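A quick write-up on the structure given underneath.
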Amino acid sequence: MPERITLYTAKICPFAQRAEIALAEAKAEFTPFQIDLSNKPEWYAPKVNPASKVPAIAYGGPEVPPDQPSPESVKLAESLVLVEFVADLFPDSGILSADPVTRAQTRFFIEGVSSKLIPAWYAYFLRGASVDDLYAAAEYVQSLLPAEGFAVGTFSAADIAIAPFLARARVSLVNEIGKYPEGDGKKVWEALNTGKFARLGKYTEDLFARESFKSTFDEDYVTKAFSARFADLRSK
């Protein structure tokens, strides 16, 4: 039986939501603790994650308040590492298939998301880079999808890897938050979900309908947080 799990997370962070979705899929019992990324506790880096990032997990050890992590618990970090860790703790969750081919396909999809889609999105969102690069990355990811269903058929780590970023892309574009030209956001989001990207749009719809996604994504909070944090990007 898995030991005690404390998850250090932040609602605004897509990487942290990956770990939350994995734990929700596994129906794991855990204690969540929100970290204010703009005002991190002094104890967090030395006692939990030296990189001072979320998500992180304290695994095992005695029962203690999350803000007093025990040195006896094992500290783990990095979102994709944690997703696989949860998959290993809860093999019946389906997060990672027992089939070697499907596991490889899952990791290949995640690599495409990590090396192509996420960098292209951040370049467009934070720097106002060409939308064509974002479309090219989206087209690549779409090319990896099967005709229907999730990334490798059933819901898996592949879908956990991409869903939080698509959700925050939607928040940013629909609300016109970002460095890209003002007024383009809604058009770009529509383009990424219709026409040549109709398959990607249906996939996104399926991801957003997943209970583990809905229960871990606070859209109102993220929208307000993005508005406050990134409102002046165009003036820089």
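The values are calculated or read from the model by the stated rules, or taken from the named source; none is laboratory data. Since this is a predicted model, take the numbers as computed values, not measurements. Reconstructed Cβ throughout: ideal geometry from the backbone, glycine too, with neighbour counts over all protein chains shown.
Take the residues in the stretch 80-109 that are touching a residue at least 60 places away in the same chain (Cβ under 8 Å) and not in a helix (DSSP H, G or I); name whichever of them is farthest from residue 164 (Cα to Cα).
Out of the qualifying residues, it is 90.
Condition first: surrounded by fewer than 20 Cβ atoms within 10 Å (Cβ to Cβ), of a type in the set (A, V, I, L, M, F, W, C), in a helix (DSSP H, G or I) and more than 14 Å from the chain's Cα centre (by Cα). Now tell me which residues in the stretch 110-134 satisfy that.
Listed by number, the residues that qualify are 123, 126, 131.
Of everything in the stretch 206-236, what is modelled with pLDDT of 95 or more, of a type in the set (Ser, Thr, Tyr) and loosely packed, with under 15 Cβ neighbours inside 10 Å? Give them in sequence order.
215, 221, 227
Name the single residue that is surrounded by the most Cβ atoms within 10 Å (Cβ to Cβ) among those in the stretch 14-35 being in contact (Cβ under 8 Å) with a residue 40 or more places away in the chain and within 12 Å of residue 56 (Cα to Cα).
Restricting to residues being in contact (Cβ under 8 Å) with a residue 40 or more places away in the chain and within 12 Å of residue 56 (Cα to Cα), the top hit is 19.
Which residue, of 206, 220, 184, is acidic (Asp, Glu) and closer than 22 Å to residue 12 by Cβ?
Checking each option against the conditions leaves just 220.
Just need a number here: residues in the stretch 138-169 that are within 17 Å of the chain's Cα centre (by Cα) and closer than 25 Å to residue 104 by Cβ.
16
Tell me, which helices (runs of 4 or more DSSP H) lie completely within the stretch 185-236 with 2 or more residues that are within 24 Å of residue 22 (Cα to Cα) and in the same structural domain as residue 122 (by TED's automatic domain parsing)?
The helices (runs of 4 or more DSSP H) meeting that bar are 198-209, 211-214, 219-230.
Taking residue 54, is it crowded, with 22+ Cβ neighbours inside 10 Å, more than 27 Å from residue 219 (Cβ to Cβ), touching a strand residue (DSSP E or B) at 6+ places or on another chain (Cβ under 8 Å) and not assigned by TED's automatic domain parsing to the domain that holds residue 200?
No.
Under 7 Å by Cβ, and 6 or more places apart or on different chains, what pairs join a residue from the stretch 145-171 that is charged (D, E, K, R) with one that is crowded, with 24+ Cβ neighbours inside 10 Å?
159/151
Which ones in the stretch 9-38 are of a type in the set (D, E, K, R), more than 16 Å from the chain's Cα centre (by Cα) and within 23 Å of residue 230 (Cβ to Cβ)?
36
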